[in-house]
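Below you'll find the structure, written out as structure tokens, and then a few comments.
The values are calculated or read from the model by the stated rules, or taken from the named source; none is laboratory data. Computed from a predicted model, the values in this text were never measured in an experiment. Reconstructed Cβ throughout: ideal geometry from the backbone, glycine too, with neighbour counts over all protein chains shown.
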């Protein structure tokens, strides 16, 4: 955990750019809901083909029974993914800054590649929980040396849905993978059916501008946000250039991943 890694001005610039993107987004005819529960995770085509695009995914609780939004679209989107770092100039500049490149080198990445990015809103009052999981379940490489960079763009507290993690949980091995089956659908491949010991979770409360480094095998989660305050965050996932990226991962791109 690195406090003050991003300047307030950098955090504000990302939030302002996202506000512009959301304002320009027309959800008519294209609504994709991001399931925040691992066991209920869905995989529509809009999601599955988003690896090299900028796409918008709604909260599960954003809609009324008739399919209309309960609130404005600005207060209804769960996240934006998964190629902000490549396709948007503001996010590209932040994601490929010298200090992030230096950090990647410091944690052992000689030739890092940026696999995916997400902007996560954790909306006030309706921000959904994210069940306990390992990032390597969804972005699997051999060796399994994925690292997630989680930037707090606002203060993240227990009240508004901060991250929680199991200390030392990365040493327990990979519990499952989310893989493409022969028919093109997604399914969980389970290696260890034992539930996570969630009584061992500890909250990772951080201030705006903090960076949390997440080993791909570290079990972590977040709870619902029922507070009146959002909890915006930006995430990047790094992989090694010489690692084998699994062809049955959900995230596939027609072009190779790019580095810094």
Of the residues in the range 120-160, those that are in a loop (DSSP other than H, G, I, E, B) and under 14 Å from the mean Cα position of the chain (by Cα) number 9
Of the residues in the range 175-203, how many are under 25 Å from residue 151 (Cβ atoms) and part of a loop (DSSP other than H, G, I, E, B)? 2
As an exercise: evaluate residue 217 against (1) in contact with a helix residue (DSSP H, G or I) (Cβ under 9 Å, 6 or more places away or on another chain); (2) free of Cβ contacts under 8 Å to residues at least 60 places away in the same chain and give the number of the one condition it does not meet. (2)
Please go through the range 45-74 and give me each residue that is out of contact with any strand residue (DSSP E or B) (no Cβ under 7 Å at 6 or more places or on another chain), over 26 Å from residue 114 (Cβ atoms) and in contact (Cβ under 8 Å) with a residue 60 or more places away in the chain, ordered by number. 61
Conditions (1) surrounded by 14 or more Cβ atoms within 10 Å (Cβ to Cβ); (2) under 20 Å from residue 209 (Cβ atoms); (3) free of Cβ contacts under 8 Å to residues at least 40 places away in the same chain; number of the one not met by residue 98: (1)
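Residues are listed down the side, and each one gets a yes or a no for (1) closer than 29 Å to residue 240 by Cβ; (2) modelled with pLDDT under 95; (3) in a loop (DSSP other than H, G, I, E, B):
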{"residue": "27", "(1), (2), (3)": "no, yes, yes"}
{"residue": "30", "(1), (2), (3)": "no, yes, yes"}
{"residue": "36", "(1), (2), (3)": "yes, yes, yes"}
{"residue": "43", "(1), (2), (3)": "yes, yes, yes"}
{"residue": "47", "(1), (2), (3)": "yes, yes, no"}
{"residue": "60", "(1), (2), (3)": "no, yes, yes"}
{"residue": "100", "(1), (2), (3)": "yes, no, no"}
{"residue": "103", "(1), (2), (3)": "yes, no, no"}
The residue that is nearest to residue 121 (Cα to Cα), considering only those in the range 62-90 that are part of a helix (DSSP H, G or I) and at pLDDT 95 or above, is 84
Among what's in the range 112-135 and is at pLDDT 95 or above and out of contact with any helix residue (DSSP H, G or I) (no Cβ under 9 Å at 6 or more places or on another chain), pick the residue that is farthest from residue 208 (Cα to Cα). 113
